[in-house]
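Before any comments, here is the structure.
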Amino acid sequence: MARAPASAPAPAPAAPLPTVFLTGPRVFARQLAATEPTPLRYLGVAGLSAALSGVAYAALVSPAVNLAAGLAGGVSPVATHATNVLGGTFLTLFTYGLMWGLGRLGAGRAGRAAEVYGASFALLPPLYLLVTVLALLTPDSAWRPDAAALAQAGENSRRVQQLALAGLAQTPAAALLLAVTLLGTAAQCALAFFAFAVLTGRRLRAAAGALLPLLPALAVGFIALAPVLLSR
C-alpha cells in the first residue's frame, strides 16, 4: 500500500512592513506576534532614519559653517559638514538603542521592543527629507547677520558661526527639525504603547515600555539640536 505524500510544512508568516506600524500599531503587533523574534529585523529602518537626520542637521547649519569658513577661515567646511552628518547619525542611532533597552526593561521580552521601536522610525525619513529641502531653499536674507555684527566679529570664526546659527534658528527649517525631533519621538512612544499592549497583554507593561524611553530620548534630541537652540 503506497504511502500518502508528506504534506509540505506551512510557510513561516511574513513579518509586517514597518509602514503597517504607522497606520495600525495593533495590527502590526498582531502580525509581528506570529513571527519569530528577530531583534535586528528593522535595524535598516532606524539606520536610514539616522542617516537622514544627520543630513537634515548638516543641511540646516551648513550656511553658518560656510559663512564662518569664508570670512574667518579655519577648519575646512567639507570636514565640518561630514562631522555634522556623522554626529546626527550617531545620536539618532543612540536614541534607537535607548528606546530598545529601556523599552525592553519596561515592556519585557514579550514586548519585542527592538522590533517595535525599530519599525517606529519609519515615521521620520519623509520628515527629515522635508527639513533638508526647506534648509536648502532658505534664502540668505532669512538668516544672514547684518554687516555691522559681522564686522564686529572680525575673523573670529566661532563668533561668526554663532551669529549665523542664531539667524538660522529662526527659520522654518529649524522649527520643523525641532518639531520632528521632539514631537516625532513622542509620537514613536505613543504608537509603541498600542503595539506593546497587544504583545504583552498588559497595559501597565505597555505604558512602562512607552514611557521609560521617552524622557531620555527627548534629552538626546535636545543635545543634538543644542548648537542651534542655544544660539537663539
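The values are calculated or read from the model by the stated rules, or taken from the named source; none is laboratory data. What you are looking at is a predicted structure, and each value in this text was computed from that prediction instead of being measured. We place every Cβ from the backbone using ideal geometry, glycine too, and count neighbours over all the protein chains shown. Heads up: the accessible areas ignore ligands, DNA and RNA and are worked out on the full protein's heavy atoms, side chains in. Shrake-Rupley method; radii C 1.70, N 1.55, O 1.52, S 1.80 Å.
Table for the structure above
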{"read-out": "Residues that are open to solvent by 60 Å² or more (accessible area, probe 1.4 Å) and modelled with pLDDT under 90, drawn from region 53-75", "value": "Gly70, Leu71, Gly74, Val75"}
{"read-out": "Filter result for the condition that a residue is under 30 Å from Arg232 (Cβ atoms), of a type outside the set (Asp, Glu) and either in contact (Cβ under 8 Å) with a residue 12 or more places away in the chain or not in a helix (DSSP H, G or I) (or both), over Ala29, Ala64", "value": "Ala64"}
{"read-out": "Total residues in region 182-217, condition under 16 Å from Leu127 (Cβ atoms), in contact (Cβ under 8 Å) with a residue 24 or more places away in the chain and open to solvent by 20 Å² or more (accessible area, probe 1.4 Å)", "value": "4"}
{"read-out": "Positions within region 148-160 being open to solvent by 60 Å² or more (accessible area, probe 1.4 Å), closer than 19 Å to Leu229 by Cα and in contact with a helix residue (DSSP H, G or I) (Cβ under 7 Å, 6 or more places away or on another chain), in sequence order", "value": "Arg159"}
{"read-out": "Enumeration of residues in region 93-121 that are open to solvent by 20 Å² or more (accessible area, probe 1.4 Å) and either touching a Ser or Thr at 6+ places or on another chain (Cβ under 8 Å) or among the small types (Gly, Ala, Ser) (or both)", "value": "Gly97, Gly101, Ala110"}
{"read-out": "Filter pass, Leu93 being under 18 Å from Pro216 (Cα atoms) and in a helix (DSSP H, G or I)", "value": "yes"}
{"read-out": "Residue in region 125-147 that is closer than 30 Å to Gly209 by Cα, free of Cβ contacts under 8 Å to residues at least 12 places away in the same chain, surrounded by fewer than 19 Cβ atoms within 10 Å (Cβ to Cβ) and not aromatic (Phe, Trp, Tyr) present", "value": "yes"}
